[in-house]
Amino acid sequence: MAQQRKPRRVVSIKPTKAINPEVVQMMQVRTEAHRRGNYVVLGAISTIETAAGVLRFPTSGSTPSGPTIGYVTDAEGKEDFQKFVVLTEWSGLPALIDKTDQFCPACLAPCHICDGKGEKVCEGLRCGGRGFVPGPEQPCPDCVAKTGKFDPACATCEGYGAIHPAVDCPMCNRTGKMKCSFCRGQGKYSTGIKGGQKDYMAGRCETCNGAQRIVTTTAQPLEPHVNALLPDPARGPIMAIGPIFSIVVDLTHEQFEKQGSAVLVFDISADAHGDQMFLLIDAHAAPNWPYLVGGLIHERTADARAALAPAAR
């Protein structure tokens with residue numbers, strides 16, 4: 001029986017006149033680790049779950065859009081599994097891109113299945129373009145229906161004792177033709193390649209980026225995830241995004257080979273002082289360097305990762 005998730009305790013950061021010295025120290029530790037190269041790269045963030053919902057960083061082709069993160073290491077290269085360091089700049093939340101069911105008009109080409117006609121031979125079961133299919137079984141009218149016995153020499157049923165009268169094919173209504181399912185009866189389809197070409201060396205269609213469909217974009221608002229603004233005389237206001245409850249990371253190839261999984265999923269809980277994890281971002285300047293600070297990091301089990309890997313990607 002599936003376990004129900006317990007309600008989470010959400011902590012709000014109280015406004016202060018100065019940023020907490022402990023937070024400043026955590027930021028400095030990560031800044032120094034990044035500057036000195038004391039880190040091990042994990043991969044790119046795919047999702048961040050906060051109290052307000054989920055922030056998503058979808059891939060564009062094979063390029064991840066989320067910030068790259070890693071573990072802080074000491075001088076000997078030992079990983080600190082309780083310290084994430086963000087290794088790439090924050091340039092804002094990417095828009096979510098969704099495909100529609102409509103072909104992209106910029107890369108249309110004649111359909112090679114129906115030769116651009118929009119229809120093809122009916123694929124109805126047992127029709128094959130004839131326009132009719134065998135109907136329900138009935139007693140043979142020339143033997144069984146007359147005598148109650150089948151006649152091995154009956155020419156009508158060939159000794160079977162029953163017949164299947166032909167009925168109109170429900171898919172093509174006896175025309176033997178059906179709408180081409182590949183191009184949806186339009187006679188054209190989108191190749192996803194520039195100008196509707198079929199040679200992938202020509203490059204992706206600039207309108208749909210190879211998606212072959214009209215795409216829609218939806219902006220992700222960051223404001224609902226902002227817990228507080230922290231004052232920093234040196235940087236200006238810093239947004240505290242969170243509290244963060246989980247992070248999904250698309251691993252690098254090296255980490256994939258090491259972990260045996262395409263992703264790692266981390267659950268984040270409050271530490272012994274009740275502090276939770278937050279993503280700290282400069283409120284006014286972008287791009288800038290963000291920080292993941294606070295909380296306790298728990299890597300999920302291999303079984304949980306395997307179950308979540310298809311959905312996370």
For residues that are surrounded by 18 or more Cβ atoms within 10 Å (Cβ to Cβ) and of a type in the set (A, V, I, L, M), scanning just region 172-222, find the one that is farthest from residue 142 (Cα to Cα). 193
Checked 212, 276 against criteria (polar (S, T, N, Q), more than 30 Å from residue 104 (Cβ to Cβ) and touching a Gly at 6+ places or on another chain (Cβ under 8 Å)); the one match is 276
In region 72-92, what residues are crowded, with 18+ Cβ neighbours inside 10 Å, in contact with a helix residue (DSSP H, G or I) (Cβ under 9 Å, 6 or more places away or on another chain) and not basic (Lys, Arg)? 72, 73, 84, 85, 86
Looking at the structure I just gave you, is residue 171 without any contact (Cβ under 8 Å) to a residue 60 or more places away in the chain, part of a strand (DSSP E or B) and more than 30 Å from residue 206 (Cα to Cα)? no
Condition met for residue 44 (more than 19 Å from residue 256 (Cα to Cα), of a type in the set (A, V, I, L, M, F, W, C) and in the same structural domain as residue 90 (by TED's automatic domain parsing)): no
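Right, residue 241: farther than 16 Å from residue 58 by Cα and touching a Leu at 6+ places or on another chain (Cβ under 9 Å) or not?
Criteria met by residue 241.
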Quick check on region 129-147: of everything there that is more than 30 Å from residue 180 (Cβ to Cβ) and touching an Asp or Glu at 6+ places or on another chain (Cβ under 9 Å), which residue is surrounded by the most Cβ atoms within 10 Å (Cβ to Cβ)? 143
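Go through region 242-273 and give me each residue that's of a type in the set (A, V, I, L, M) and over 23 Å from the mean Cα position of the chain (by Cα).
First, pick out the residues of region 242-273 that are of a type in the set (A, V, I, L, M): 244, 247-249, 251, 262-265, 268, 270, 272.
270, 272, listed by residue number.
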Going residue by residue through region 73-82, is there one that turns out to be in contact with a strand residue (DSSP E or B) (Cβ under 6 Å, 6 or more places away or on another chain) and assigned to a loop (DSSP other than H, G, I, E, B)? no
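The values are calculated or read from the model by the stated rules, or taken from the named source; none is laboratory data. All values reported here derive from a predicted model rather than from experimental measurement. Quick reminder, even Gly has a Cβ in these numbers, built from the backbone with ideal geometry, and neighbours come from all protein chains shown.
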